[in-house]
Structure formats: C-alpha cells, structure tokens
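**Student:** Please see the structure below; I have some questions.
The values are calculated or read from the model by the stated rules, or taken from the named source; none is laboratory data. Here the structure is a predicted model, which is why all the values come from computation and not from measurement. Positions of Cβ are backbone-derived with ideal geometry, glycine not excepted, and every protein chain shown enters the neighbour counts. The area values use the complete protein model at the heavy-atom level, side chains included, leaving out ligands, DNA and RNA. Shrake-Rupley method; radii C 1.70, N 1.55, O 1.52, S 1.80 Å.
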Amino acid sequence: MPASEADIQKHAAEIARLKEALNSVLFGQEALIDLTLTGLLARGHLLLEGLPGLGKTELVKGLSKALRLQTKRIQFTPDLLPGDITGNPVLQETDSGRAFVFQPGPLFANLVLADEINRASPKTQSALLEAMQERRVTVLGETHELPKPFFVLATQNPIELEGTYPLPEAQLDRFLFKLEVTRNDVRTLEKIVSGRELGVEPRLDPVMDAATLEGIMDCVREIYLPDVVANYIARLVDATHTGQSRTAEAIKFGASPRAALSLAAAARARALIAGRINASFEDVKAVAVPVLQHRIILEYNARIDGRTNRQIVDDLLAEVPTQALDVPATLKATA
Amino acid sequence: MNEQEKAKRWHALARRMVRKVNGAWCLEKLTPLVFLVGLAGGVFLVYLRSRVPALPTVQGWDTAVSLVALKNPALWISVAIALAVATVAAWLMARRHFIRPEAALVRLEDRLRLRNALTTAERGVGAWPEPPDGPAPGRDGWTWNWPRVLTPFLGFLGMILSAALVPIGGVLAEKSPASEPLAWGQMEEWLETLEEENLIDETKLEEVLEKIEELRARPEDEWFSHSSLEAGDTLRQNLQRQIQDLGAELANAERDLNALENYGDQLSAEAREKLLAEYEKALQNLAIAGLPLNPELMKSLKGLDPKQLAQGQMSQLTKEQMEQLRQALQKGAGACKKCNGLGDKGEFGKLGEGDEALMALLHGLGQCDKPGRGAITRGPGEAPLFLGDKNDLDTQNIQNVENPDFSRAAPGDVLGVGQTEHELDRTRVGPRDAGAVKSVGQGGEAVWRESLTPGERAVLKRYFK
C-alpha cells in the first residue's frame with residue numbers, strides 16, 4: 001500500500017528541517033548531507049572516504065545530536081579485537097552467585113562511528129561487518145540484538161595506507177554508499193573560520209527523535225517504485241558485467257543483486273526527501289555513483305589508464321538508456 | 001482540469017506518439033520492399049516493352065503519357081498489388097517492434113522531466129500532472145528522418161519512370177543487320193575473282209552462286225543452325241578443293257609448256273616424252289575438272305601440239321600467241337592461289353617441290369635451285385646448313401642438375417636423408433598434491449603465464465613513456 005501524499009509531504013518537511021540543522025553546523029557539504037540522509041533513510045550503512053579534518057566526525061556528531069540518537073565512536077587500530085567492539089562476558093557477583101554477565105561493547109548504539117576502519121585487523125572488521133548485516137551480535141553462544149535504528153558510519157583515509165587492511169569486496173558490498181568527502185572551497189573555509197572556533201563544539205538542538213526517524217524509514221518502504229524504474233535498475237546493474245555493455249570492458253567484476261536492491265532503496269529514500277510519491281529515473285541516476293562505485297572492480301588496463309570507479313559508473317549511466325526502446329532509422333533524435 | 005481530463009489528454013499524447021513510432025517502424029520495413037518492387041516492376045516493364053508489341057516501344061513522352069494514362073492497366077494493377085503485399089509484409093515484420101501507450105508515457109515523462117509521474121498516475125498511485133498546452137512537434141524527442149524515408153520511394157518512382165522512358169524502340173530500329181555465315185561471303189569472293197580472270201565457264205559459276213542464294217533465302221534465324229552451317233561449309237570445301245585442283249593443273253600445264261618451249265632441245269628424248277605425257281595428263285584433268293575451264297582457253301590449249309614445241313617449232317601459233325597463252329595460264333593459276341589464300345605472286349616457269357620426276361629430268365640442265373641428288377659428274381651439291389630435324393630442338397628431354405660438391409651447396413639443397421625417431425619426453429606425470437606445484441610452467445606455457453596481453457603491453461608502454 002503506497003504512502004499517502006500527505007504523509008510524504010510531512011516527512012519531507014521533517015527531513016528538510018534536519019538537513020537545515022546539519023547544514024548549519026557543517027558548512028559547504030550539502031551534497032554529502034543529502035546523500036548521508038538518503039543512506040540513513042534507506043537503512044544503509046555508509047563508508048566515508050576523505051582526508052582528515054574534512055568534517056566526517058562532525059557530520060556523525062551532528063546527526064546524533066539532531067536525531068537524539070545514542071552515538072558511539074570506535075577508533076580502529078591494528079590491535080583492536082572483536083570483543084572490544086561487540087562486548088565481552090564479565091564474571092560478576094550476583095544474588096544467585098557468580099555468573100558471566102554480558103557487557104555490551106560500543107556497537108550497542110544507534111549511531112556508530114567506525115573511524116579508520118581499514119586500520120583494524122580483518123578479524124575485527126568481520127565482527128563489525130557481521131553486526132552491520134545481521135544487526136545483532138553473538139557472544140559465547142548468546143545472541144544480543146542491537147538497538148534500533150542501527151547505523152554504522154565508517155571512515156577510511158585514502159592516504160597512509162601502509163599497515164592497513166583494505167576492506168575486501170565482499171565486505172565493501174555491505175555498505176550502501178561509499179561517499180567521498182571533498183575539501184571545501186575558499187568561501188566555505190572563510191565561513192568556517194568566521195563562525196567556528198577550534199575545540200568548541202557547535203550547538204545543535206534536536207530536530208526529531210528515533211521513533212520519528214523509524215516512522216520515516218517505514219514510509220520510505222512504501223514509496224512507489226514503477227516497473228520501468230525497476231527495469232532500469234536491473235539493466236544498469238546487469239551492464240556492469242563483462243559483455244553486457246561497452247563500458248563493462250573496463251570492469252573485471254560487476255555489481256551484485258544487493259547493489260540492485262540498494263539502488264532501489266536509495267532511490268525510494270531520495271524520492272521521499274524530495275516529497276514525491278514515487279521513485280524515478282532521476283533518483284536512480286543520482287544515487288548510482290555512491291551505490292555502485294565501490295561494488296565494481298576495474299580491469300588492470302582501466303586502472304593503469306587512470307580511470308576511476310566513479311568515471312566508469314558515469315560512463316554506464318551515459319550508455320544505458322532509461323527506457324529499452326528500439327527506434328527505427330526513419331526517426332532521428334532531436335536535441 | 002480534473003484528473004479524468006488530464007488522463008485523457010496524456011493518453012491522447014501517448015497514442016499520437018505510438019502512431020508515430022509504429023508508423024516509422026512500418027516505413028522502416030517497407031522502404032526496402034518498395035525499392036525491390038520498383039526494381040522488379042522496372043525490369044518487368046522493360047521486358048514487356050521489348051516483347052509485347054501492344055505496349056509502346058517508341059521513345060519519348062508518348063510512352064510515358066500512354067503509360068500514365070493507364071492504357072495498360074494490367075501492369076499498373078500488378079504493381080499496385082505488389083505494393084499492397086509489400087505493405088502487409090512490412091506491417092508483419094514491424095509488428096514485433098511496435099510500442100504500447102505505456103511505453104509512450106514513459107518516453108513522455110522522461111523527455112518532459114516529470115520524474116515518472118505519468119507511469120505512477122497510470123497505475124493509480126499518484127495524481128496526473130498538468131498536461132502541456134497545445135501540440136509540440138518535438139515533445140517526444142524524435143523527428144522524421146526524411147532522406148531515409150523518401151529515398152526508397154523516389155528510387156521506386158525513378159526506376160518505374162526510367163523503365164517507361166528508356167528508348168527501347170530506338171535501339172530496336174537502329175539494330176544492325178544480321179550477320180551471315182562467313183563461308184558464304186568467302187565463296188562469293190572466290191567466284192568473283194575467278195569471274196574477273198574469265199577463267200571458268202560462267203554456267204558453272206552461276207550454278208554455285210545459286211546454291212549460295214538458296215542458303216541465304218532461308219530464314220535468318222536458321223542461318224546459324226547446324227544444318228545450314230554444315231551445308232555452307234561443305235559447299236565451301238568442295239569449291240576450295242576444285243579451285244585448288246584447277247590451279248594445280250593450270251600451273252602444271254604452264255610449267256610443262258615452259259619447259260618444252262625453252263629447254264626442249266636440251267632434253268633427252270626420255271625426258272621430253274615424260275614432259276609431253278605430263279602436259280597431256282594436265283589437259284585431261286582440266287577437261288574433267290569440277291570447275292570447267294573457259295571453253296576458249298580450253299580450245300587454245302587443245303589446239304597446241306606440244307611435240308612441235310619440243311622440236312623447236314611453233315606449230316600453228318606464233319611466238320606472241322604462245323606467250324599470251326602462257327600468261328593466261330599463269331594468271332589462271334595465280335587467281336586460284338589467291339582464292340586459296342596463297343597469294344598470286346608465285347614464280348611460274350620454275351619447277352615446284354615434290355615434282356620429283358621433272359626435277360630429275362632437269363638436274364642435268366642446271367635448272368634446279370635445290371641441292372643435287374648425287375650424279376657421277378655433279379657431286380652431292382651444297383651441304384645442308386642444318387643437320388637433323390631443324391624443328392626438334394630437344395626441349396622435351398628434361399635433365400636434372402646435380403651438385404655432388406656439398407661444400408658449395410646452395411640454400412635449400414638436400415645434403416642427406418636419414419631415418420631417426422622423434423624425441424619424446426617419457427617422464428611419468430602423475431597426480432600431485434594441491435599447492436605442491438611451484439613451477440611456472442615450461443615452454444609455451446611459461447610464456448603464456450608470464451606475458452601480458454597486447455592491450456596490457458600497450459597500456460604499460462604508454463604509462464612508462
């Protein structure tokens with residue numbers, strides 16, 4: 001049953017207020033905020049990649065304040081163990097005697113900032129990624145549900161890669177978006193210098209609570225996805241595989257069906273943010289780069305040629321038409 | 001405007017686009033068929049014009065006007081039927097490409113940046129957006145490709161009009177007369193030559209000419225039939241043989257007269273008798289030849305007594321008459337040679353090759369320009385310049401060139417042939433533990449593993465340049 005027009009407009013207004021609040025503390029990152037909110041509404045985890053000091057942590061803090069969510073931050077290091085993030089059973093004196101009592105780790109929060117995720121060992125990365133997928137952790141045979149909503153915003157640094165453990169493709173696939181945090185322009189920097197002071201956190205009043213956010217996320221699922229848009233998503237994902245498109249010659253391994261589901265969910269979330277009752281081709285195009293760029297592996301030739309995943313996804317968008325329609329030569333396209 | 005009116009308007013726009021796209025597909029499939037129908041129709045029209053007298057065969061606008069005026073409705077009806085069949089076939093072929101109004105709505109919403117609002121509204125989920133005001137030709141993003149649409153139809157018209165206007169009648173009128181078998185003309189040339197020389201009896205000439213005319217009187221289509229060609233060739237061969245015989249006999253008679261007149265007193269009695277016999281025989285052959293000699297010439301020859309000539313007497317003929325007679329014989333023999341393609345410049349008064357008896361007679365007189373046959377006083381004559389058969393240059397005998405000195409062998413020479421076995425690697429290869437194989441391979445396998453593809457090699461070269 002599709003959501004009503006009124007509900008959607010109401011939720012869109014709430015999201016607009018949230019965006020406005022975040023933009024007031026994080027200058028010049030409107031596109032990043034848009035995509036972050038889109039990812040959250042689609043119940044996805046986000047991987048932020050960018051140089052230090054560009055506002056990645058600030059974004060997470062701002063979100064936690066504005067949404068009044070419980071937030072934890074984990075600084076990943078090579079000696080971090082899975083138990084350090086999931087929690088450990090601790091021997092405690094209780095009324096009935098001594099017993100192991102589970103002490104929840106930092107994963108038990110609504111919003112988890114996994115800073116420099118690529119510095120942790122693969123074992124710890126796997127523990128986090130399992131929690132992301134299942135939204136629960138199991139310690140000593142005992143399963144513990146994670147709080148709802150549960151989001152992981154992981155960051156990784158594209159420089160100083162010595163001693164890091166790059167996330168394998170299977171684990172990258174768990175992230176809905178991979179967002180690149182870019183530097184600010186002069187005007188934004190000037191605004192930051194004038195409006196902010198080093199060491200002082202900006203004040204941000206809560207805009208909504210977790211229950212409201214849950215309600216909006218439920219509404220996202222009711223956004224109508226037309227058949228033609230679903231068909232476009234399927235053709236787009238299929239075109240990432242060798243032999244299915246001209247662009248795919250530069251791709252060694254294409255995107256998975258999870259990528260198609262992610263595209264649909266993100267397109268729905270973007271439609272709701274825009275106050276529309278249905279997802280569209282434009283929504284799919286807008287989220288295609290963050291959804292697909294970390295899910296394709298380029299060929300050796302393409303990498304040596306200096307082509308990036310983002311460029312390849314852009315080429316795919318240019319090559320795959322929104323509508324699979326045969327046009328005879330007796331008609332010609334106009335500008 | 002309420003929702004129903006909006007939906008109605010959008011559906012109308014979608015249907016218009018459907019008609020345009022599906023019509024374009026029909027044209028796409030129809031145009032090659034139209035071209036083919038035009039080609040076939042043009043060929044058929046040209047064929048009709050060249051074969052059926054009822055159709056106009058004169059060139060110019062009369063033809064076009066008569067055709068356009070439907071003077072031959074059967075032709076136009078058949079072209080119209082072909083076009084109709086082509087249209088149906090094009091529709092059948094194009095049908096699988098046809099789009100539906102739903103697809104047209106998607107195209108419209110994509111072009112008008114309506115963010116799939118039309119598809120959503122069509123499913124009853126959302127509201128219809130406001131339809132555009134008035135018609136907009138480029139709204140669907142397609143325009144007609146007129147050169148692609150019109151070219152085949154113009155080609156169709158061009159081919160039909162060309163077939164109607166091409167000057168077939170003119171070509172027929174200026175057709176060159178049919179050629180006749182070569183043998184007839186050849187025989188007529190021979191007879192004309194013989195007639196000019198006044199050598200043959202005219203009745204016989206007319207008889208042969210009548211036979212040629214009989215052949216020519218048959219229909220032109222039959223001139224080159226097997227029977228006609230065979231009859232003409234037989235007649236030509238007979239005539240040629242008769243002319244050859246006549247020429248040979250005339251040459252013999254002239255030669256004999258010449259020998260008797262000029263060398264008669266130097267010949268032995270036996271030789272003179274032989275010449276006289278030859279002359280008599282030539283006269284007899286001339287009398288019974290297939291081509292009878294001119295009666296006057298025959299009478300002159302018969303009136304001559306060769307025995308008196310041999311004894312140095314002129315009989316009843318004067319020297320001038322004798323000379324005229326010889327010239328007449330020479331001209332007659334020359335004409336016969338000319339007819340046989342041998343030219344008319346043969347040297348008369350000399351003996352020909354193969355006339356061995358006469359040659360033997362005249363050897364003692366020094367009149368022969370060939371090497372002698374070895375008389376006691378004359379010797380064998382000049383030695384021949386070529387020993388053996390001068391036409392056989394021994395080109396059929398092939399000899400191999402061998403070079404037994406291997407120190408000077410050329411590249412490609414075989415130095416020796418031996419027998420040996422192939423070198424086989426008989427090392428036993430069995431199953432191995434996984435991971436135990438550390439070799440990168442051998443030979444071609446190693447090259448395959450450690451080499452780059454041409455594309456990769458090009459990229460690396462470009463990178464390190």
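**Student:** Check which residues have an amide H placed less than 5 Å from residue A:136's amide H, if you skip close sequence neighbours.
**Tutor:** Those lying under 5 Å, H to H, from residue A:136 are A:146.
**Student:** Between residue A:186 and residue A:24, take the C-beta separation as r, use R0 = 25 Å, and let me know the FRET efficiency to the nearest 0.05.
**Tutor:** For residue A:186 and residue A:24, the calculated efficiency is 0.80.
**Student:** What base-10 log of the normalised intensity I(q)/I(0) is obtained for chain A from the Debye formula, alpha carbons as equal point scatterers, at q = 0.06, 0.08 Å⁻¹?
**Tutor:** So the normalised log intensities are -0.24, -0.42.
**Student:** Taking each residue in A:228-238, count the Cβ atoms of any other chain within 10 Å of its Cβ, then average. What number comes out?
**Tutor:** Shielding by partners across A:228-238 averages 2.
**Student:** Residue B:130: net charge of surrounding residues, Cβ under 15 Å, Lys/Arg +1, Asp/Glu -1, itself excluded?
**Tutor:** In short, +2.
**Student:** Further question: At a 10 angstrom cut-off on C-beta neighbours, averaged per residue, how do the peptides B:227-234, A:123-130, A:153-160 rank from highest to lowest?
**Tutor:** A:123-130, A:153-160, B:227-234
**Student:** Oh, and also: Quick one: which residues, 5+ away or cross-chain, put their amide H under 5 Å from the amide H of residue A:177? H built at 1.01 Å from N.
**Tutor:** A:45, A:47
**Student:** Put a dot 7 Å past each Cα toward the Cβ at residue A:222 and residue B:302; how far apart are the dots in nm?
**Tutor:** Those two pseudo-labels are separated by 14.2 nm.
**Student:** I would also like to ask the following. How many times 2.2 N^0.38 Å is the alpha carbon radius of gyration of region A:176-255?
**Tutor:** This ratio for region A:176-255 stands at 1.84.
**Student:** Residue A:193 to residue B:96: FRET efficiency via 1/(1 + (r/R0)^6), r the Cβ-Cβ distance, R0 51 Å, to the nearest 0.05?
**Tutor:** Taking R0 as 51 Å, the efficiency between residue A:193 and residue B:96 is 0.20.
**Student:** Now for a different question. Kirkwood hydrodynamic radius, computed over distinct alpha-carbon pairs, for region A:1-132: how many Å, to one decimal?
**Tutor:** Evaluated over region A:1-132, this radius sits at 17.2 Å.
**Student:** So for B:144, B:128, what's the accessible-area order with a 1.4 Å probe, most first?
**Tutor:** In descending accessible area the options line up as B:144, B:128.
**Student:** Using only the Cα atoms of region B:80-169, construct the convex hull and provide its projected area averaged over every direction, in square nanometres to one decimal.
**Tutor:** Computed as one quarter of the Cα hull surface, the answer is 9.3 nm².
**Student:** What spacing in nm lies between the two simple spin-label points modelled at residue B:87 and residue B:402, each 7 Å away from Cα in the Cβ direction?
**Tutor:** Here the answer is 8.7 nm between the modelled labels.
**Student:** Using protein chains only and a probe of 1.4 angstrom, how many square angstrom of residue A:56 are accessible, to the nearest 10?
**Tutor:** Spelled out: residue A:56, probe radius 1.4 Å, area about 20 Å².
**Student:** If you line up the long axis of helix A:186-195 against the longest principal axis of chain A, both from Cα atoms, how many degrees apart are they, to the nearest 10?
**Tutor:** Helix A:186-195 and the main axis of chain A meet at about 30 degrees.
**Student:** Further question: Mean separation of Cα pairs under 8 Å and 6+ residues apart, divided by the residue count of region A:223-335: what relative contact order is that in percent?
**Tutor:** 31 percent
**Student:** Partner chain Cβ atoms within 10 Å, averaged over the residues of A:318-330 - can you pull that number for me?
**Tutor:** Average per residue, whole number: 6.
**Student:** Once you average over the residues of A:276-287, how many Cβ atoms of partner chains fall within 10 Å of each Cβ?
**Tutor:** So the per-residue partner count for this stretch is 4.
**Student:** If you take every residue apart from residue A:265 with its C-beta less than 9 Å away from the C-beta of residue A:265, what net charge results, scoring Lys and Arg +1 and Asp and Glu -1?
**Tutor:** With Lys, Arg at +1 and Asp, Glu at -1, the neighbours total +3.
**Student:** With a 1.4 Å probe and all protein chains kept in place, how much accessible area does residue A:90 have, in Å² rounded to the nearest 10?
**Tutor:** 60 Å²
**Student:** So what's region A:64-166 giving for Cα Rg divided by 2.2 N^0.38 Å, two decimals?
**Tutor:** 1.17
**Student:** Of B:394, B:221, B:201, A:7, which has the most accessible area with a 1.4 Å probe, and how do the rest follow in descending order?
**Tutor:** Largest to smallest exposure gives the sequence B:221, B:394, A:7, B:201.
**Student:** Sort all Cα-Cα distances of region A:223-335 into consecutive 10 angstrom bins from zero, then give the percent of pairs in each bin up to the one containing the longest distance.
**Tutor:** All Cα pairs, binned at 10 Å, distribute as 15, 43, 29, 13, 0 percent.
**Student:** Quick one: accessible surface of residue B:25, probe radius 1.4 Å, all protein chains present, in square angstrom to the nearest 10.
**Tutor:** The accessible area of residue B:25 comes to roughly 20 Å².
**Student:** May I pose another question? Could you sort B:17, B:159 by accessible area so the largest value comes first, with the probe set to 1.4 Å?
**Tutor:** In descending accessible area the options line up as B:159, B:17.
**Student:** What net charge do the residues around residue A:105 carry, taking every other residue with its C-beta under 12 Å from that of residue A:105, with Lys and Arg at +1 and Asp and Glu at -1?
**Tutor:** 0
**Student:** A further question on this structure: Counting only C-alpha contacts under 8 Å and six or more residues apart, can you give the relative contact order of chain A as a whole percent?
**Tutor:** Computed over chain A, the figure is 22 percent.
**Student:** Past 22 Å, Cα to Cα: identify those pairs from B:8/B:29; A:56/A:252; A:332/B:20; A:19/A:65, in the order given.
**Tutor:** In this structure, B:8/B:29; A:56/A:252 exceed 22 Å between Cα atoms.
**Student:** Order of B:396-402, A:320-326, A:270-276, B:274-280 by packing, highest average Cβ count within 10 Å first?
**Tutor:** Most protected by this proxy first, the peptides run A:270-276, B:274-280, A:320-326, B:396-402.
**Student:** Give me the distance in nm between label points sitting 7 Å out from Cα along the Cα-to-Cβ direction at residue A:161 and residue B:123, one decimal.
**Tutor:** Roughly 4.2 nm, to one decimal.
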